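Following: one structure in structure tokens, then a few remarks.
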């Protein structure tokens, strides 16, 4: 599974299963190498901005917590711990 990361109308990156993140050339051109426009954890275009642990923390921070997360997972019949599937819905 892969999901695109969009920011201000620009496809900034693609995240794949295994929490690998690939920045687009367009993102690097628009915001500059090392920019922290997406997150302080994920500097654009840098190796540390692709680290799976950092990507996971950032993505999980986008998800609803508690009852809202459980309800979303149940409604779509997905594992609430499957970050990629939760984001896909």
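The values are calculated or read from the model by the stated rules, or taken from the named source; none is laboratory data. Since the model is a prediction, treat every value here as computed from it, not as a measurement. Don't worry about glycine lacking a Cβ; one is built from the backbone with ideal geometry, like all the others, and counts go over all protein chains shown.
What to note about this one:
- Residue 10 surrounded by fewer than 16 Cβ atoms within 10 Å (Cβ to Cβ) and within 25 Å of residue 81 (Cβ to Cβ): no
- Residues (out of contact with any helix residue (DSSP H, G or I) (no Cβ under 7 Å at 6 or more places or on another chain) and surrounded by 12 or more Cβ atoms within 10 Å (Cβ to Cβ)) located in the range 55-68: 55, 57, 58
- Among residues of the range 38-64 that are in contact (Cβ under 8 Å) with a residue 40 or more places away in the chain, those with a beta-carbon under 9 Å from a residue that is assigned to a loop (DSSP other than H, G, I, E, B) at least six positions away or on a different chain give the pairs 55/19; 55/41; 55/42; 59/19.
- Residues located in the range 14-33, provided they are at pLDDT 90 or above, part of a loop (DSSP other than H, G, I, E, B) and either under 17 Å from the mean Cα position of the chain (by Cα) or more than 22 Å from residue 53 (Cβ to Cβ) (or both): 24, 32
- Residue in the range 37-54 that is surrounded by the fewest Cβ atoms within 10 Å (Cβ to Cβ), counting only those that are assigned to a helix (DSSP H, G or I) and over 13 Å from the mean Cα position of the chain (by Cα): 47
- Filter result for residue 68 (touching a residue at least 40 places away in the same chain (Cβ under 8 Å) and more than 10 Å from the chain's Cα centre (by Cα)): no
- Residues in the range 20-37 that are within 19 Å of residue 10 (Cβ to Cβ) and in contact (Cβ under 8 Å) with a residue 24 or more places away in the chain: 4 in all.
- From the options 67, 30, 36, residue that is more than 17 Å from residue 3 (Cβ to Cβ) and in contact with a strand residue (DSSP E or B) (Cβ under 7 Å, 6 or more places away or on another chain): 30
- Residue under evaluation residue 8, criteria (1) within 14 Å of the chain's Cα centre (by Cα); (2) at positive phi, criterion not met: (1)
- Residue 55 touching a strand residue (DSSP E or B) at 6+ places or on another chain (Cβ under 6 Å) and within 22 Å of residue 81 (Cβ to Cβ): yes
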